[in-house]
Amino acid sequence: MISFGFWNLIIVILVALVIKNNWRLDDEEETWKNSLFLKSSVIQQLIQFFRQPIVSFLVLAGVVLVVTRFLCYTGWLVYFLNQPDPPLWDFKSYYVASRLAHQHLSPFNVEIFNQSFCIITKVCGFIPPFVYPPNIIPLIWFLGYFSLNTAFKISVVMHILAIGLALWGANILLESKSRVLRTICTISVALIYGLVRDFQVGNIAIFVAVLILWMFILARKHQDIPAGIFLGLALCKPTLAALFILYFLLKRRFSLVFVSLVTVTSLIFLGLALTGNSLTQFLSDADRGFSLWLNDPSVSPYISISRLDLMVVGPRLFPNNPFFAKLFSDIIVLILVGLVSWYWYLQQSFTAWSKKIHLTEMVLVSCLSISINYSQETSSVMLIPAAVFLLNDLLYQIRHCTFSKKRMSVWLAGVCCLAVQTAVIHGWLIGSLAKHWKVKAGELPYIMKVTIFALPSYAVLGITLSILVLAISSVRQKQILKFES
């Protein structure tokens with residue numbers, strides 16, 4: 001039998017050949033030769049440094065090894081998840097909910113869900129309640145037709161397809177046709193931790209992110225009906241998608257909003273009918289289930305190490321004062337929403353209150369979706385447009401502007417914050433350090449809670465602020481260019 005080391009070597013060689021063949025600027029090369037940005041003394045020194053053979057080799061070797069590790073890990077994960085009884089915790093909840101719906105029983109009832117989870121998955125004890133809205137039931141209905149292991153395999157295939165669609169959508173939004181930039185974009189998006197984490201636990205965040213990504217692509221082409229259907233489907237996880245309803249209302253894309261609301265309303269009543277629920281009974285069960293769900297250690301803002309949203313910042317800084325903890329988090333959120341609203345006003349004023357959809361606006365709404373609402377590691381897939389925005393912004397600077405140390409500092413800050421949302425921080429740093437303490441018992445040292453274990457939340461705030469600064473300065477640059485022309 002051929003060893004895994006041999007296959008690893010083959011993958012390294014193949015990745016190196018693919019990257020080598022795609023590491024060229026193509027039609028961008030002529031534009032870059034005339035770029036005032038690249039003619040800056042600072043950039044010229046960097047270019048000379050990276051052109052040194054040893055430095056160039058080390059950079060490309062690093063990229064090859066990172067991509068190889070990602071591919072090997074993904075392959076191992078696919079194999080591991082296809083073993084008997086894989087630990088797809090989130091997916092097991094969807095599967096049990098689907099099976100209950102097939103029996104015309106309500107997964108929103110805490111006792112029914114807990115008992116059925118124990119019988120179907122053989123995992124018993126305290127099971128977090130099923131707190132999704134009823135419009136998710138028609139979307140997961142098909143799972144109930146299969147055995148647990150077959151449903152696992154279907155989930156793995158669907159996640160792989162969703163990751164492919166996410167990478168494809170990101171390349172569509174990239175404002176360059178050059179192979180090297182498309183390669184960099186693909187690698188940057190693939191390294192976002194949410195893609196792998198969602199795969200590991202079988203969550204639906206990747207599907208919601210893909211629906212929103214392609215909804216945006218369709219909306220830019222004024223295909224409001226399919227875009228509205230995609231948004232309506234994405235509302236099965238409202239914490240990630242609900243803000244886009246408000247955004248499109250403000251953009252006066254009423255047909256898109258109408259279609260999305262019709263879609264989600266139809267799914268809600270269909271979900272209630274499939275589970276034998278009335279609306280009042282569902283609300284009663286959901287209220288009770290939500291109260292129990294808040295007591296789960298992975299949800300508690302005081303001890304959870306997996307949450308990304310800013311609502312955990314206050315509780316971590318002021319663990320013994322709930323009033324100040326909530327007030328501090330609310331103030332941060334209000335300031336952030338205020339700054340995004342200010343940018344939106346500037347952008348709309350510049351474009352004469354246009355209905356046109358801009359990538360920057362979509363990125364900021366995506367960032368707000370995971371920063372002001374409950375979100376965990378899987379939700380970082382919503383940062384896919386942020387990775388594309390940072391690449392597009394760099395391209396804009398190279399093509400149209402001179403080098404600015406202040407602007408590049410902000411851009412680099414955004415890149416560093418995005419790098420925090422990779423497995424380097426989540427898996428290797430936070431995951432390994434958490435093993436030294438009883439996290440679910442809340443035994444983390446205070447200094448660790450407010451530093452290393454809070455890095456993902458700080459990074460989401462940093463990404464949002466960096467994009468805001470870059471976006472506002474771009475609006476002003478465009479105003480100057482328009483005035484000069």
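The values are calculated or read from the model by the stated rules, or taken from the named source; none is laboratory data. Bear in mind the structure is a predicted one, so any value in this text is a computation, not a measurement. When we count neighbours, we look across all protein chains shown, and the Cβ atoms used for this are built from the backbone with ideal geometry, even at glycine. Areas reflect the complete protein model, heavy atoms only, side chains present, ligands, DNA and RNA absent. Shrake-Rupley method; radii C 1.70, N 1.55, O 1.52, S 1.80 Å.
For the reader, a short list of remarks on this structure follows.
- Span per principal axis, largest first, for the Cα atoms of the stretch 128-211 (Å): 45, 25, 21
- In sequence order, calculated HN-Hα J values of the stretch 105-117 (Karplus, 6.51, -1.76, 1.60; Hz; x Gly/Pro): 10, 8, x, 7, 7, 4, 5, 4, 5, 4, 5, 5, 4
- Rg to Rh quotient for the stretch 285-330, alpha carbon positions, Kirkwood Rh: 1.02
- The residue list L191, A205, L58 was ranked by how far each Cα lies along the charge dipole of the chain toward its positive end, using unit charges on Cβ atoms, and L58 comes out on top.
- Dipole of the chain, positive end: most advanced residue of P315, N34, F142 [Cβ charges, Cα centre]: N34
- Highest average first, the peptides 152-159, 25-32, 310-317, 333-340 ordered by how many other beta carbon atoms sit within 10 Å of their residues are 310-317, 152-159, 333-340, 25-32.
- 0 to 90° range, to nearest 10: angle between helix 179-190 axis and the chain longest Cα axis: 30 degrees
- Point-charge dipole on Cβ atoms (K/R +1, D/E -1) for the stretch 222-315, about Cα centre, debye to 20: 300 debye
- Taking amide hydrogens as placed 1.01 Å from N in the peptide plane, the amide H of T422 sits under 5 Å from those of Y193, each at least 5 positions away in sequence or on another chain.
- Normalised alpha carbon radius of gyration of the stretch 263-364 [divisor 2.2 N^0.38 Å]: 1.54
- Heavy-atom accessible surface of the chain, averaged per residue, reaches 48 Å², computed with a 1.4 Å probe.
- log₁₀ of I(q)/I(0) at q = 0.17 Å⁻¹ - the stretch 349-485, Debye sum with one point per alpha carbon: -0.96
- The length gained on full extension between V299 and L246, counted as 0.36 nm times the residue separation minus their Cα-Cα distance, comes to 16.5 nm.
- Phi angles across the stretch 138-153 convert, under the Karplus curve 6.51 cos²θ - 1.76 cosθ + 1.60 with θ = phi - 60°, into 3J(HN,Hα) values of x, 6, 10, 4, 4, 4, x, 7, 10, 6, 4, 5, 5, 4, 4, 5 Hz, Gly and Pro given as x.
- Accessible-area ranking of W344, W437, largest first, probe 1.4 Å: W437, W344
- Cα pair count fraction exceeding 15 Å, expressed as % - the stretch 173-229: 62 percent
- All-pairs alpha carbon distance profile, the stretch 334-420, 5 Å steps from 0, percent: 3, 11, 19, 22, 24, 14, 6, 1, 0
- Bins of 5 Å from zero: percent of alpha-carbon pairs in the stretch 178-331: 2, 8, 11, 14, 15, 17, 17, 11, 5, 2, 1, 0
- Cut-off 10 Å between beta-carbons: net charge of the residues surrounding A151, Lys and Arg +1, Asp and Glu -1: +3
- Taking 32 Å as the limit for the C-alpha separation, the pairs K406/K438; K405/K435; K20/K153; K33/K355; K356/K406; K251/K440 exceed it in the case of K406/K438; K405/K435; K20/K153; K33/K355; K251/K440.
- For the chain, the longest principal axis of the Cα atoms and the long axis of helix 53-81 meet at an angle of about 10 degrees.
- Summary of packing: across the peptides 455-468, 59-72, the per-residue average of other C-beta atoms within 10 Å ranks them, highest first, as 455-468, 59-72.
- Treating each Cα of the chain as one equal point scatterer and applying the Debye formula with no solvent, the log10 of I(q)/I(0) at q = 0.08, 0.09, 0.11, 0.13 Å⁻¹ comes out as -0.53, -0.67, -1.02, -1.41.
- Most tightly packed first, judged by the mean number of other beta-carbon atoms within 10 Å of their residues, the peptides 289-300, 250-261, 387-398 read 387-398, 250-261, 289-300.
- With Cα atoms as the point set, the radius of gyration and Dmax of the stretch 256-295 evaluate to 12.8, 37 Å.
- Share of pairwise Cα separations in the stretch 31-166, more than 25 Å, in percent: 51 percent
- Folded to 0 to 90 degrees: helix 4-22 orientation relative to the chain principal axis, Cα: 50 degrees
- Proximal charge balance of P301 [Cβ under 11 Å; K/R count +1, D/E count -1]: +3
- Cα-centred dipole magnitude for the chain, charges only on beta-carbon of K, R (+1) and D, E (-1), debye, nearest 20: 900 debye
- Every Cα-Cα pair in the stretch 237-321 was counted, and those over 15 Å apart are 73% of them.
- The stretch 125-235, accessible surface, carbon-and-sulfur percent (1.4 angstrom probe): 70 percent
- Using the Cβ-Cβ distance between H104 and C401 with R0 = 56 Å, the FRET efficiency computed as 1/(1 + (r/R0)^6) comes to roughly 0.35.
- Solvent-accessible area, 1.4 Å probe, carbon plus sulfur percent, for the stretch 378-449: 68 percent
- Look at where the Cα atoms of the stretch 378-406 and of the stretch 216-244 average out, and the two centres are 23 Å apart.
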